[in-house]
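These notes are about the structure you will find just below.
Values quoted throughout were computed directly from the atomic coordinates according to the rules given, and no laboratory measurement underlies them. Not measured: the values here are computed from a predicted model. As a convention, Cβ positions derive from the backbone with ideal geometry for all residues, glycine included, and neighbour counts pool all protein chains shown.
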Amino acid sequence: MNFSKFRLDAPAKVNLKDFDASETLKMSEEDVQRQMPDLEKRLQQLQELLYASAKHSVLIALQGLDTAGKDGVIKHVMSSVNPAGCVVTGFKAPTQEESAHDFLWRIHKHTPAKGMIAIFNRSHYEDVLAARVHHLVPAEVWKERFEQINEFEQLLASQPVIIVKFYLNVSKSVQAQRLMDRENDANKSWKLSLTDWKEREYWKEYRKAYEDVLSKCSHKNAPWYVIPSDKKWFRNYVTAAILVEILEQYEKNWKEGLEERGKIALEAIRKERQAGTLNGDKHEHTEPQLPENQTDH
């Protein structure tokens, strides 16, 4: 499957009207249900290689308007990975301590160590989105942040961090339906928030802000993917498939590194054994003995 139509890896003018939030690439939900188990297994395998090789780390940034599905992607796409190698961080309004530092300070300390996956549920982009829409900082401040974010991401990429940014694109009508569903479903009532409805009043402002983000902060080492999110099943499928596609590019490198590490470790063990200094050597090649009153069944 070719997902290049969703990828933005160079600065260019973006108009979100050009992206269909209900796109499914002519796939059916049944198609996706058949493919998801294999995708999840493959993602698990790749994460194990990432963790074991510890040559790279992965940063996944999830952005989108309310109900677009940030939590849903984390729950359904990342459930197959080992939680020991994956950390999720949500970024809400900055605390007093965070506000006393530069806007990237609170972000940088949550970036992933080598071998790890970090998932940002909202991210450093809130400082050119919510901060802009709600006039939390002057325009001259948030306008400078685009280039500061680009430089920050280039720094991370040099570490090397594999950066994947998903904008979950939901239509206004589907967002309204999902908000109503929360009101009508007792199992979803905990998600209810007056703020979500209030934020809909800024739909145009947020869309414009996101278009600037996608236009100015898409680069080869930190691409944005505009993910159709009206259909939850397709949203989950395409984010999983893109992650697998990206990580597979590093698979050979990770395996070669692990093979080399294994050779070095094996050689060290053989040398110690030949020298007779390896603990437990005297028992290494003896057959296990049963107690006298037992026989092997």
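Points worth noting:
- Stokes-Einstein D in µm²/s, Kirkwood radius over Cα pairs - segment 46-141 at 37 °C with 0.692 mPa s viscosity: 223
- Between ALA54 and GLN154, the C-beta separation translates, for a Förster distance of 25 Å, into a calculated FRET efficiency of about 0.70.
- Here is the list for segment 175-254: trypsin sites (Lys or Arg not before Pro) lying in DSSP coil, each with at most 15 other C-beta atoms within 10 angstrom of its C-beta, are LYS220.
- CD proxy at 222 nm, helix term only [per DSSP H run n ≥ 4: -39500 (n - 2.57); per residue of the chain; nearest 500]: -15000 deg cm²/dmol
- Panel order for ASP71, ASP185, by other beta carbons found within 10 Å of each beta carbon, from fewest to most: ASP185, ASP71.
- Subtracting the Cα-Cα distance of HIS101 and GLN45 from their residue separation scaled by 0.36 nm leaves 16.3 nm.
- Extension gain from GLU272 to MET1, taking 0.36 nm per residue of separation minus the Cα-Cα distance: 92.5 nm
- Leading residue at positive end of dipole, segment 4-254 (Cβ point charges), from TYR206, VAL88, LEU49: LEU49
- Surrounding net charge for ALA10, when Lys and Arg each add one and Asp and Glu each subtract one, Cβ distance under 12 Å: +3
- Paramagnetic reach from ASP71 in segment 77-101 [backbone N under 18 Å; point 7 Å along Cα→Cβ]: 77-79, 88-93
- Model label points for LYS252 and LYS188, set 7 angstrom from Cα along the Cα-to-Cβ axis, are 4.5 nm apart.
- 12 Å beta-carbon shell around LYS143, net charge (K/R +1, D/E -1): -2
- Taking Cα atoms only, the orientation of helix 251-275 departs from the longest principal axis of the chain by about 30 degrees.
- Each Cα pair under 8 Å and six or more residues apart adds its sequence gap; the mean of these over the residue count of segment 4-254 is a relative contact order of 38 percent.
- A simple charge model with +1 on the Cβ of Lys and Arg, -1 on the Cβ of Asp and Glu and nothing else charged puts the dipole of the chain at about 720 debye relative to its Cα centre.
- FRET efficiency for GLU147 and HIS108, using Cβ-Cβ distance with R0 set to 22 Å, rounded to 0.05: 0.85
- The HN-Hα couplings worked out from phi for segment 110-126 by the Karplus form 6.51 cos²θ - 1.76 cosθ + 1.60 (θ = phi - 60°) are 9, 5, x, 6, 4, x, 9, 10, 10, 10, 9, 8, 6, 7, 4, 6, 4 Hz, whole numbers, x standing for Gly and Pro.
- By the count of other C-beta atoms within 10 Å, a proxy for reagent exposure, THR111, THR95 are ordered fewest to most as THR95, THR111.
- Percent of beta bridges antiparallel (DSSP, the chain, rounded to nearest 5): 10
- Quarter of Cα convex hull surface for the chain, i.e. mean projection, nm²: 24.0
- Net charge in the neighbourhood of TRP233 (other residues with Cβ under 11 Å of its Cβ; Lys, Arg +1, Asp, Glu -1) is -1.
- Mean Cβ count within 10 Å, highest first, over the residues of peptides 140-147, 164-171: 164-171, 140-147
- Too-long pairs where the Cα-Cα distance tops 28 Å, listed order kept, from LYS26/LYS165; LYS232/LYS255; LYS92/LYS252: LYS232/LYS255; LYS92/LYS252
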